[in-house]
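The values are calculated or read from the model by the stated rules, or taken from the named source; none is laboratory data. From a predicted model like this one, the values you see are computed outputs, not experimental measurements. Because the Cβ atoms are built from the backbone with ideal geometry, glycine has one as well, and the counts that use them run over all protein chains shown.
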Ligand code: HDE
């Protein structure tokens with residue numbers, strides 16, 4: 001196998017590729033390139049003259065029996081029969097993209113010797129895979145679930161895999177519980193129901209019996225579990241890792257990623273509908289943004305604690321069900337992650353990528369976090385059943401630095417290693433271990449106290465509720481209400497009363513009011529008394545409103561312009577131009593996906609979609625331009641009236657101009673909706689959360705997305 005150093009840059013059609021992309025190019029075939037031969041061949045390279053008709057012993061008129069001799073037919077069917085590989089046991093459904101990571105300066109050098117984290121001259125290629133956890137490969141994107149956020153950094157010292165989630169804590173403290181937890185959340189064993197949902201008896205049964213899930217359940221029932229986009233969610237390493245600097249000092253670390261676009265969620269009703277209307281919503285969103293040059297970007301941050309501070313807190317810093325409140329351990333943002341290239345082919349890239357928490361580089365290490373320790377085995381192990389022994393040689397998994405060792409053979413070995421020896425030590429001194437000076441990974445000499453072999457958990461691991469309550473307290477009232485509704489939705493899908501009652505009792509341990517509100521909806525008797533008084537503690541940056549971008553932006557947002565015959569074309573053209581200039585996407589939606597006539601009847605625009613084909617749920621905002629005939633026609637069409645009502649109900653930004661205002665007024669039944677205030681008739685007006693104007697103005701077009709009864 002040819003190894004390509006990270007420094008190699010290769011120019012393809014004028015685009016300079018990073019080390020990983022250049023390396024991947026060696027494994028890429030493009031049927032459009034002349035060099036590929038362009039015509040079909042068998043897998044052994046012979047050109048194929050017919051791929052449709054099986055070779056037969058036949059009479060030209062009546063046909064006849066097929067011959068087993070036909071290698072082209074046999075190979076085609078044989079390869080098809082074996083196309084599927086086992087899907088991931090969790091996180092089966094995902095979407096991936098390429099990009100880069102870089103640090104702003106060398107400020108992290110005080111904590112880590114890892115060049116990827118301390119050398120600002122480096123631009124490290126990355127591959128990121130986002131995922132849901134519960135559902136199978138074919139499940140919908142917008143289900144209520146945790147999202148995976150796994151990053152492979154192709155560093156010059158080897159691959160570093162940061163296998164994180166969009167929620168900073170986890171359900172359980174001990175890795176050994178993972179099979180039980182996953183069995184409980186996955187479809188129930190007797191009927192394989194439900195798909196992509198935690199709304200079932202076994203999940204809530206497990207919750208009610210395992211207190212340590214309390215904190216994570218609060219997150220999973222919050223809006224964090226229904227993101228608007230992969231591009232608009234945070235990422236967290238979750239487990240506590242360590243950083244080791246040049247002086248061999250060790251710090252504990254939590255990794256954070258914060259999206260440039262802010263953290264945004266769907267509303268539950270939207271998420272439910274999109275799951276049917278466009279199950280690939282998040283996949284498409286990721287590709288659409290990158291293809292349109294709106295590259296998703298995150299600030300990369302670290303929370304660091306010196307070893308000496310390990311016991312300073314009322315929680316154990318190695319407990320993955322706890323976060324480190326940012327009020328007491330601030331996040332230092334040291335770099336950025338940007339995704340700028342979609343995959344060429346899903347299977348060899350997004351499906352075959354394999355992450356391992358144990359893949360680290362010098363300067364980064366592990367902690368005694370018991371969940372992390374179990375993960376170290378699980379990821380390495382699971383790749384065998386998914387991808388086979390030589391999974392690290394697959395193009396997407398190969399490091400960009402040289403790989404050299406005495407590991408050999410196994411199914412599908414790719415590398416051919418020269419030489420007489422495949423062991424160390426050997427008489428030629430071929431491939432010796434690296435010294436520390438040569439960059440060899442040397443474990444930090446961590447001091448272990450004299451210990452007794454026993455199955456125990458450290459004392460602070462016994463406390464499970466404080467941060468669950470703190471998270472709920474830290475949410476804004478609307479986020480709290482969404483949590484109430486989410487829990488009520490889930491519990492109404494729980495059939496056994498015993499499970500519902502036990503779940504309410506558990507919720508009562510987190511917060512009595514929360515339990516009361518949920519119990520009231522699902523018809524369960526509330527425990528008479530609070531389990532304990534709510535401690536009233538809050539922490540910063542737990543509400544997602546904390547991450548609203550400083551400068552409001554409509555970048556990459558999808559905006560529908562609703563038209564009908566008789567619309568005002570110049571206004572629509574101006575709107576489209578202004579939306580595009582703001583790096584957002586404009587889609588004209590009309591009664592048909594064809595030419596829609598303008599108000600003078602002299603032309604029109606071609607609608608991108610028709611009212612039935614796309615629903616308001618798939619857009620962030622909707623605009624209705626002027627045009628009396630168009631407004632009248634839309635008012636007669638139930639589907640388009642529903643479009644606007646639904647957008648309003650989902651707190652979407654709605655804009656209307658001229659006669660479009662009259663249509664919105666009728667559709668929503670808000671007689672007071674006007675397009676001008678008497679004092680400033682030419683300005684835009686915001687009322688009922690709707691932006692209206694008498695005529696088109698450029699300031700209006702970039703109007704604040706996100707206004708509405710519930711700002712999202
Ligand atoms: Fe995973 N997890 N996990 N997990 N996980 C897998 O590895 C596991 C945990 C996460 O896009 C599997 O390659 C155990 C926490 C992501 O390919 C498997 C435990 C976090 C992905 C596995 C955990 C994660 C996985 C399945 C408890 C957030 C998708 C396929 C000790 C920090 C990676 C695979 C991708 C995937 C095991 C807990 C995130 C079976 C045993 C905590 C993002 O190995």
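Assorted remarks:
- Residue satisfying condition, being assigned to a loop (DSSP other than H, G, I, E, B) and either within 16 Å of the ligand (Cβ to nearest atom) or surrounded by fewer than 19 Cβ atoms within 10 Å (Cβ to Cβ) (or both), within set 355, 300: 355
- Which listed residue, of 184, 150, is within 16 Å of the ligand (Cβ to nearest atom) and in a strand (DSSP E or B): 150
- Residue in region 164-175 that is away from the ligand (no atom under 16 Å from the Cβ), in the same structural domain as residue 271 (by TED's automatic domain parsing) and surrounded by fewer than 20 Cβ atoms within 10 Å (Cβ to Cβ) present: no
- Checklist (1) within 16 Å of the ligand (Cβ to nearest atom); (2) over 21 Å from residue 230 (Cα atoms) applied to residue 95, failing item: (2)
- Residue, surrounded by the fewest Cβ atoms within 10 Å (Cβ to Cβ), within region 492-526, restricted to residues that are under 30 Å from the mean Cα position of the chain (by Cα) and part of a loop (DSSP other than H, G, I, E, B): 493
- Residues considered: 17, 24, 68. Of these, the only one that is at pLDDT 90 or above, surrounded by 14 or more Cβ atoms within 10 Å (Cβ to Cβ) and outside the structural domain of residue 152 (by TED's automatic domain parsing) is 24.
- Some residue of region 196-207 being assigned to a helix (DSSP H, G or I) and within 12 Å of the ligand (Cβ to nearest atom): no
- Which numbered condition residue 143 fails, given (1) more than 16 Å from the ligand (Cβ to nearest atom); (2) in contact with a helix residue (DSSP H, G or I) (Cβ under 8 Å, 6 or more places away or on another chain); (3) assigned to a loop (DSSP other than H, G, I, E, B): (1)
- Residue count for region 533-555 satisfying the condition of being modelled with pLDDT of 95 or more and buried (at least 19 other Cβ atoms within 10 Å of the Cβ): 4.
- Boolean, residue 125 is in a loop (DSSP other than H, G, I, E, B), assigned by TED's automatic domain parsing to the domain that holds residue 365, in contact (Cβ under 8 Å) with a residue 12 or more places away in the chain and within 30 Å of residue 242 (Cα to Cα): no
- Some residue of region 342-352 being in a loop (DSSP other than H, G, I, E, B), within 23 Å of residue 119 (Cβ to Cβ) and away from the ligand (no atom under 14 Å from the Cβ): no
- Counted residues, region 118-127 - those being within 14 Å of the ligand (Cβ to nearest atom) and surrounded by fewer than 17 Cβ atoms within 10 Å (Cβ to Cβ): 0
- There is no residue in region 103-117 that is within 16 Å of the ligand (Cβ to nearest atom), crowded, with 18+ Cβ neighbours inside 10 Å and more than 17 Å from residue 280 (Cα to Cα).
- Residues being on the phi < 0 side of the Ramachandran plot and not in a strand (DSSP E or B) - total across region 224-279: 35
- Residue 529 vs. criteria within 30 Å of residue 495 (Cβ to Cβ) and exposed (fewer than 14 other Cβ atoms within 10 Å of the Cβ): yes
Here is a yes/no grid of residues against (1) near the ligand (Cβ under 8 Å from one of its atoms); (2) farther than 30 Å from residue 105 by Cβ; (3) in a loop (DSSP other than H, G, I, E, B):
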| site | (1), (2), (3) |
| --- | --- |
| 314 | no, yes, yes |
| 323 | no, no, yes |
| 329 | no, no, yes |
| 335 | no, no, no |
| 338 | no, no, no |
| 374 | yes, yes, no |
| 379 | yes, yes, no |
| 384 | no, yes, no |
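- Taking region 439-461 as the range and being under 37 Å from the mean Cα position of the chain (by Cα) and surrounded by fewer than 12 Cβ atoms within 10 Å (Cβ to Cβ) as the test, the residues that pass are 440, 443, 445, 455, 456, 459.
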